[in-house]
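The values are calculated or read from the model by the stated rules, or taken from the named source; none is laboratory data. Worth saying up front: this structure is predicted, and the values here are computed from it rather than measured. So basically every Cβ, Gly included, is an ideal-geometry build from the backbone, and we count neighbours across all protein chains shown.
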Amino acid sequence: QVQLVESGGGLVQAGGSLRLSCAASGRTFSTYGMGWFRQAPGKEREFVASISGSGGSKYYADSVKGRFTISRDNAKKTVYLQMNSLKPEDTAAYYCAAERTGYSSILSEYEYWGQGTQVSVSS
């Protein structure tokens, strides 16, 4: 199985930046599409960004496009989420996830999930 561990969350002021990391186990990291999702209090978990196994294709939710950047380093078996111009509405627990193919925005298509890391943005 694949285990995923997120890190890099914290408390920042509006307009600030954070870089989240997700470290993966296993030998087949490059065969998995990776996604970032977030869940705010009282809300459903929602798609944020995804990236194909090679890193050649990316997809972003409209709410973060232009502010967030997803990337991956397959040699390090790590996926990143660079978050700039943070807003209070970005406050949520952020989760990374892995799927077998593609770079889906559909939560149910992801097979493995990390434990989450909290991002809090003050106004």
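General observations
- Test: residue in segment 8-15 that is touching a residue at least 60 places away in the same chain (Cβ under 8 Å) and closer than 25 Å to Ser108 by Cβ: yes
- Ala14 falls short on exactly one of the conditions (1) hydrophobic (A, V, I, L, M, F, W, C); (2) surrounded by 13 or more Cβ atoms within 10 Å (Cβ to Cβ); (3) farther than 17 Å from Val119 by Cα, and that condition is (3).
This table checks each residue for (1) outside any loop (DSSP other than H, G, I, E, B); (2) on the phi < 0 side of the Ramachandran plot; (3) more than 11 Å from the chain's Cα centre (by Cα).
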site	(1), (2), (3)
Arg27	no, yes, yes
Ser30	yes, yes, yes
Trp36	yes, yes, no
Ile70	yes, yes, no
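- Just one of the numbered conditions (1) more than 20 Å from Ser120 (Cα to Cα); (2) modelled with pLDDT of 95 or more; (3) not hydrophobic (A, V, I, L, M, F, W, C) is not true of Gln82: (1).
- Restricting segment 89-110 to residues that are modelled with pLDDT under 95 and part of a helix (DSSP H, G or I), the residue that is surrounded by the fewest Cβ atoms within 10 Å (Cβ to Cβ): Ser108
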